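Each reported figure results from applying straightforward, stated rules to the coordinates on display, with no laboratory input. Only a predicted model underlies this, so the values are computations on that prediction, with no experimental measurement involved. In this analysis, Cβ positions are derived from the backbone assuming ideal geometry, glycine residues included, and neighbour counts consider all displayed protein chains.
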Amino acid sequence: MDLLEYQGKQLFARHGLKVSSGEVVDSVDGAVAAAGRVGYPVVVKAQVLIGGRGKAGGVKLADDEAQVREHAGDILGMDIKGHIVRKLWIEHASDIASEYYASVLLDRSAKQPLVMFSTEGGVDIEEVAERTPEKLIRHHVDALAGLSREEAVRIAADGQADADVVEGVADALMALYEVWLEEDATLAEINPLIVTPQREVRALDAKVSLDGNALYRHPDSQSLSDSENEDPIERRAKEQGVQYVALDGDIGILGNGAGLVMSTLDVVARAGGAPANFLDAGGGSDAEKIKQAVGLILANPAVKAVLFNIFGGITRCDEVARGLIAAFVEIKPTVPFVVRLDGTNDVEGRRLLQEADLPNVYPARTMNEAAEKVVALAAGRSVEPAEVSG
Ligand code: GDP
Ligand code: MN
């Protein structure tokens with residue numbers, strides 16, 4: 001679960017990492033009032049779960065009330081790479097002497113925590129890693145021993161931090177490691193970690209992702225999971241006990257069994273389509289469950305066509321067909337549904353579906369046939385009438 005900058009900074013502050021004081025607001029008047037309390041000059045910052053806000057015009061300095069009003073008005077409602085800005089963080093502006101970079105994450109291939117540090121902060125760190133890898137220090141930590149003060153100092157010194165702030169950077173790295181460990185974060189990143197002209201080291205940005213499976217250990221953070229930090233459809237699915245993962249294509253997918261759904265994503269991609277989601281309906285076949293699943297899939301406005309891929313084993317296809325028919329009669333789908341039924345009692349299942357003669361429902365016999373049909377339908381092409389025999 002990703003946190004907004006201001007939420008990440010709240011965690012930072014709790015672990016002794018220095019951040020600037022600020023307030024979160026959701027209106028222009030709120031921004032002006034907050035700026036008055038925080039003290040000019042301020043920075044007006046879009047709170048969205050995406051990086052590169054500065055480049056997109058979502059981070060602006062303001063010297064007085066008129067400028068706060070102007071910037072807050074411009075940034076609220078702004079679309080930053082598909083993320084609409086609904087909240088602003090108003091922070092007392094910092095003077096910057098240097099911009100560094102620091103992060104802690106789990107390096108899965110090394111099975112160890114990884115601390116990274118660079119004096120080339122404030123820019124895209126991937127670019128630094130690619131162009132000047134020697135300027136990005138990567139240090140693996142013994143997970144049981146933790147990050148020692150000596151290690152933190154060495155990382156700062158090896159990374160060529162200015163000599164007079166090596167201690168300050170080490171403090172920041174220790175605190176960041178503590179955030180990562182104690183908050184069960186999967187990523188804790190600061191870009192930029194600034195050095196002020198007074199030689200203070202402070203986190204000017206915060207990117208924190210928490211491990212959703214560990215949220216039960218953090219009652220304070222748990223409340224964040226019902227706010228804007230989760231995909232709303234994924235959240236609804238979780239409440240309904242359905243395995244749903246949002247993807248960025250336009251073809252809704254449902255299958256029974258995680259493995260079958262994974263291969264369905266593959267065949268749709270091979271047929272030239274882009275899946276809009278992963279949804280495993282499990283073994284159930286009753287109409288209620290299918291209705292819920294269809295509701296989730298169609299809650300995504302990007303979906304142009306849907307593929308139901310059902311393989312009958314213990315679950316019989318005729319039962320599934322009855323569930324589908326009951327569900328579709330109620331839902332009256334507005335986008336085309338391709339339904340592939342194969343396995344136990346499949347002939348009977350397809351016969352039932354065809355006899356029901358539901359508008360917008362296209363039976364298919366094989367996975368490839370179903371994939372091709374759904375890709376064609378999503379692209380607005382018509383397909384051959386259903387082939388149900390065999
Ligand atoms: P991002 O673009 O989403 O990573 O947002 P950041 O919070 O990193 O801000 C982008 C850039 O705005 C930073 O790299 C800084 O150069 C600049 N910036 C942010 N806050 C301040 C501030 O308090 N003072 C000054 N002078 N610049 C700031
Ligand atoms: Mn940043």
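Rounded to the nearest 10 degrees, the inclination of helix 166-182 to the longest alpha-carbon principal axis of the chain is 30 degrees. Here the convex hull built on the C-alpha positions of region 108-183 has a volume of 103 cubic angstrom per residue.
Between the helical axis of 149-158 and the longest alpha-carbon principal axis of the chain there is an angle of about 90 degrees.
What the phi angles of region 318-327 give under the Karplus curve with 6.51, -1.76 and 1.60, with θ = phi - 60°, is a coupling list of 5, 5, 4, 4, 4, x, 4, 4, 4, 5 Hz, glycine and proline written as x.
Counting only DSSP H runs of at least 4 residues, each contributing -39500 (n - 2.57), and dividing by the residue count of the chain, the helix-based mean residue ellipticity at 222 nm comes to -11000 deg cm²/dmol. Orientation-averaged projection of region 261-390 equals 6.8 nm² [convex hull of Cα atoms, one quarter of hull surface area].
Taking only the C-alpha atoms of the chain, Rg followed by Dmax gives 26.1, 80 Å. Taken as Cα centroids, region 343-366 and region 264-317 sit 15 Å apart, rounded to the nearest whole angstrom.
Just in region 326-390: which trypsin sites (Lys or Arg not before Pro) are loop by DSSP and have at most 15 other Cβ atoms within 10 Å? Answer in residue order: Arg381. Annotation note: trypsin sites (Lys or Arg not before Pro) in region 31-112 located in DSSP loop regions with a Cβ neighbour count of at most 15 within 10 Å are Lys55, Lys81, Arg86, Arg108, Lys111. Protection proxy ranking, highest mean first, for peptides 136-142, 247-253: 247-253, 136-142, where packing is the per-residue count of other beta-carbon atoms within 10 Å, averaged.
Distance from the alpha carbon centroid of region 89-142 to that of region 183-246 works out to 18 angstrom.
Run the dipole for the chain about the Cα centre, Lys and Arg Cβ at +1, Asp and Glu Cβ at -1, nothing else charged, and hand back the magnitude in debye, nearest 20.
For the chain, the charge dipole is close to 880 debye.
Straight Cα distances below 29 angstrom link Lys55 to the lysines Lys9, Lys18, Lys45, Lys81, Lys87, Lys135, Lys207, with same-chain residues fewer than 8 positions distant left out.
Every pair of different Cα atoms in region 319-365 enters the Kirkwood calculation, which places the hydrodynamic radius at 10.6 Å.
For Tyr100, nonlocal amide neighbours, meaning residues 5 or more places apart or on other chains whose placed amide H falls under 5 Å from its own, are Gly121, Leu193, Ile194, Val195.
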